[in-house]
Each structure stands twice: as structure tokens, then as C-alpha cells.
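Structure record follows, encoded as C-alpha cells.
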Amino acid sequence: MCGFPCATDTVTVAPTTGQERVITANRQTSWAFADAFVAEEDALRWARDRAREAGLPSVSPGTGAALRLLAAAAGAKAVAEIGTGTGVSGVYLLQGMRADGVLTTVDQEPERQQFAREAFRAAGFAANRARFIPGRALDVLPRLADGGYDLVFCDGDRLESLDYLAESLRLLRPGGLVCFEGVFADGRTVDSAAQPGEVLRVRELLRTVRESQELLPSLLPVGDGLLCAVRRG
């Protein structure tokens, strides 16, 4: 067993009337509607097209909107991003951050970061709003300041997700947020069949975050799953 509800399980909720109702397959239609609820402007569509041409995944519009909302709610001035890609998630994060905020974004592929620079510029952000650091995340993150960040967004190697979590706890101020993209792993996280190591690591991440005394977690059903948690003060 996978340790989480599996795709074939019946899921129920108890409304305030005390009567139980079944969440049917219609939820998938509703989730698809929610994920596409926010329209994207030209800069985001351009960055998404570059990702598609390069064969790279990019966050869904719903995931991007959630990140933007969280950055705005946190009044984020300093955000760290693991996995620049072509800048889709970065545009959303910058849109939610304070006007004087700086996004620090890390990626092993400098050419991807060049696409992100163009996307940020097209979205209207000054060059000093983003700091691009090429390199492997686990080599770069230890060089960033302890307690210096309001939000850390992790969209890198799933096999390194627990290491990202440990670094995020060091980087975040009390009350800061850590978010992990892709924790549904295309449905494999809740599939009881044998799974590769990266999916097993995601399951371990989910358990660790859920059971941590340092974090207040929530799992958002947007895109391919967005795991979020607030670092307790």
C-alpha cells in the first residue's frame, strides 16, 4: 500500500448537516475549471511556449496563481526558487511579491535562465527584481542567508526533495512558506503499484511535512499537486 488514499478509494466528506456525501468524478471537472480560472498574459504564454519547445514541464496556471496568491499574502520581499525553467513560475511569484522584492532563482541550465530573463522583462519587471544563480541547488542553497526568505518554492529533482526541505527550514523566517510542485507525480503518489525511487521520495516528503512539529501543512489540488507549509514561529 502507498500509505495515502489510492486512486480507486471512495472519498467522502461530512457537511455541516452531518450527512455524508460522496465526492464523485465531477470533482475532476471542477478542479480543471479551477486550474484554468486565471487567464495568462503574453509574457507567461511566451515562457510556457519556450518550455514546451524545450520539452520542459512548467507549472499550471492554477499552480502559478496559487504561488502568486501565497507570495502576496505573505508580503514576500525575498523568495528563493529551485528550478528556474523558462520563467513561468518566476513571473507568477514576482507578480505576488512586494514591489521592492527580489526573486533568487537557481537552475543548472543557464540557457533556461536566459529565457526567464526575457520573460521577466516582457512581464514588466526591472532587471534588479531577480537574481539568477546557475548551478546545482544543493550546492547553491547552503550559500544563501539563514532566515532570509519569506517563501521557498521547490521545483527541482524529486530525489533531492527532503534535502530541499531541510535547506528551506534554514532559509525561511518564522512564518515563512515552503512549497513543493509536482507531489502528485501524475497520480503515481497515490497508486499502490510498485513505483520508482523518485515517487517513494515524494511520499516520504509528504509524510515528513505532515508529521513535522515545525510546519503547518496543506496539500493543494492544483496542477500536479502543490504541497505548502508554513514554518511555525
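Counting other Cβ atoms within 10 Å of each Cβ, which GluC sites (Glu not before Pro) in the stretch 35-79 have at most 16 and sit in a DSSP loop?
Hits after loop and neighbour filter: Glu41.
Per residue, how much accessible area does the chain have with a 1.4 Å probe, in Å²?
Ligands and nucleic acids excluded, the result is 50 Å² per residue.
Which stretch or stretches of the stretch 159-179 have amide N atoms under 18 Å from the point lying 7 Å from Ala72's Cα along the Cα→Cβ direction?
Residues passing the 18 Å test: 177.
For the stretch 108-193, what is the Kirkwood hydrodynamic radius in Å, using each pair of distinct C-alpha atoms?
Radius from the Kirkwood sum: 14.8 Å.
Once you place label points 7 Å from the Cα toward the Cβ at Val38 and Leu219, how far apart are they in nm?
A separation of 2.3 nm, rounded to one decimal place.
Against the longest principal axis of the chain, how steep is helix 61-73, in degrees 0 to 90 to the nearest 10, with axes from Cα atoms?
For 61-73 against the chain, the angle is about 70 degrees.
Gain in length, Ala122 to Ala145, computed as 0.36 nm per residue apart minus the alpha-carbon separation, to one decimal in nm?
That works out to 5.3 nm of additional length.
For Cα pairs less than 8 Å apart in space and 6+ apart in sequence, what is the mean separation divided by the residue count of the chain, i.e. the relative contact order in percent?
19
For the stretch 116-180 and the stretch 205-230, what is the separation of their Cα centres, given in Å?
Centre-to-centre (Cα) distance: 17 Å.
The values are calculated or read from the model by the stated rules, or taken from the named source; none is laboratory data. These numbers come from a predicted model, not from an experiment. Ideal geometry is used to build each Cβ from the backbone, glycine not excepted, and the neighbour counts take in all protein chains shown. Heavy atoms of the whole protein, side chains included, go into the accessibility calculation; ligands, DNA and RNA do not. Shrake-Rupley method; radii C 1.70, N 1.55, O 1.52, S 1.80 Å.
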